[in-house]
Amino acid sequence: MAKIIAVQKGGIGEELGMEIGDELLGFNGEQIVDVLDYAFYDSQEEFTLNLRTKQGEKVDIDIEKEEDESLGLELDESVQLEPMRCKNKCLFCFVDQLPKGMRDTLYVKDDDYRLSFVSGNYVTLSNIGQKELDRIAKLRLSPLYISVHAFDREIKTKLVSNPESAKVFDKMDFLANHGITMHTQIVLCKNLNDGKVLDKTLEELYKRYPSVKTVAVIPVGLTGHRQKLYPLESFGKEDAVKVIAQVEDFNKKAGGEFCWCSDEFYIKAEKQLPPYESYGDFDQIENGVGLCAEFEEEFLSALDEVGGSKAELNIASVTGQSFKDILKSLCEKLKDKYPNVNLRVKDIYNDFFGRSITVAGLITAGDIIKQFKDAPEYTIIPSNMLREFTDTFLDGITVSELEKALGTHIVVSHGGEDYVKIIDRLCKEKQNKPQNKRSKAK
């Protein structure tokens, strides 16, 4: 049950006389589990709501409404999503590779099908049984984002160290039969699930198309903190070239919008990234699939639209090793419209996690402070360096603390379009800023 803590004015709940302090017991005679039950029934046209008033009376209320009409209820914390913990011991788990001394929350491993639906988190389905599968089907929790890694059960069990994980394809078949769309990922580990194992995994996933809508193939991320962990190897340039050819060939046979390598593989291979049009609906962008192409497309489109400025401005732009060349190339294109902007791309090595980690999203403020000297008036950082919905880096340093340490104004960029707009806005502010004039003595 869940206590009602707010009732929207003009909502159906208020019309039916529901009040703060009433308890929502469930729907159609079934007890409420969490807020997803409420969200599901709130979108239905007909159902029975089971309620206990604050006076203690149990009542059943038959609801008839339009799909887009809401009950307008806010429920207490008892039905909010408390993440289910991961029961796996993956050979490549990034949490196991974190340095000591970070915030406790960063060491928490979640593996929750509900967060997969709500937030796009990738899950293994290892910690759910038929009861949860039935609930997914009933509430139509689609799409889900599922970590597959390998079809071969023996290899999958070795990778994840949990025999239950080997049943993932059986569970996916159940979900497919109940109309659930799935986006999947393969974290590729050298000499474990690559080569022929990868071929078989892609084949089996495609047999389940269109229920399995997309596949992302991403290289295992290895930090410098792998003491006593399984000895995994990084993919080199030649390895990456082979993987790209393998995945691109399969994708071509599958129609061109099924499976992709992450941008990181192309950067490792020193190969040109695929064009923007090749990524379909960009369903795998959170896996770094098409992230560079989207940034470039947004950047160039925005650059076509702005008027430009002749204002003089010194700006720095901080990024990781993997994106530095792409960003430098794009920034060169700014010169036609912003000829007096001196934009310096400052690429940062990741000493916090280890230099094998090259993506911008894992750069810490501490590494920026150590490596970035003589910062200009303004410095642009990408939003993915910060924890979601916060102004804090992974090492706990805030944006304002970084500004103070560097003596610069930090501007957070949210993609390619925003990047260009930041440059344009700063130039206009500079151009319109009143200049100090000395009055002549008479």
- Message: Pairs on different chains or at least eight residues apart, Cα atoms closer than 26 Å: how many lysine pairs in the stretch 325-373 fit?
- Response: 11
- Message: Just want to confirm a number: the relative contact order over the stretch 295-432, from Cα pairs under 8 angstrom separated by 6+ residues, in percent.
- Response: 31 percent
- Message: If each residue of separation counts as 0.36 nm, what is the full-extension length gain between Ser78 and Gln8 once their alpha-carbon separation is subtracted?
- Response: 23.2 nm
- Item | Glu429 versus Asp336: modelled label distance in nm, points set 7 Å from Cα along the beta carbon direction | 2.7 nm
- Query: Using the 10 angstrom Cβ neighbour count as an exposure proxy, how do Arg355, Arg344 rank, fewest first?
  - Reply: Arg355, Arg344
- Would you mind calculating the gained length between Asn314 and Asp351 on full extension (0.36 nm times residue separation, minus the Cα-Cα distance), in nm to one decimal? 10.6 nm
- Message: Please compute the contact order of the chain in relative form: average sequence separation of alpha-carbon pairs under 8 Å and at least six residues apart, divided by the residue count, as a percent.
- Response: 10 percent
- Using alpha-carbon positions, what is the distance between the centroids of the stretch 1-56 and the stretch 401-421, in Å? 44 Å
- Task: Could you pull out the longest piece of the chain with no exposed loop GluC sites (Glu not before Pro) in it, calling a site exposed if DSSP puts it outside H, G, I, E, B and it has at most 16 other Cβ atoms within 10 Å?
- Result: 70-232
- Would you mind checking which residues have amide H under 5 Å from Ser413's amide H? H placed 1.01 Å from N; only 5 or more apart, or other chain. Ile381, Ser383
- Query: Put a dot 7 Å past each Cα toward the Cβ at Glu15 and Lys271; how far apart are the dots in nm?
  - Reply: 5.8 nm
- Task: Once you have the Cα-Cα distance between Thr398 and Glu132, take 0.36 nm times their residue separation minus that, and quote the gain in nm to one decimal.
- Result: 91.9 nm
- Note on the structure: Amide H neighbours of Thr392 at under 5 Å, excluding residues fewer than 5 places away on the same chain, with H built from the backbone geometry, are Arg387
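Each reported figure results from applying straightforward, stated rules to the coordinates on display, with no laboratory input. These numbers come from a predicted model, not from an experiment. In this analysis, Cβ positions are derived from the backbone assuming ideal geometry, glycine residues included, and neighbour counts consider all displayed protein chains.
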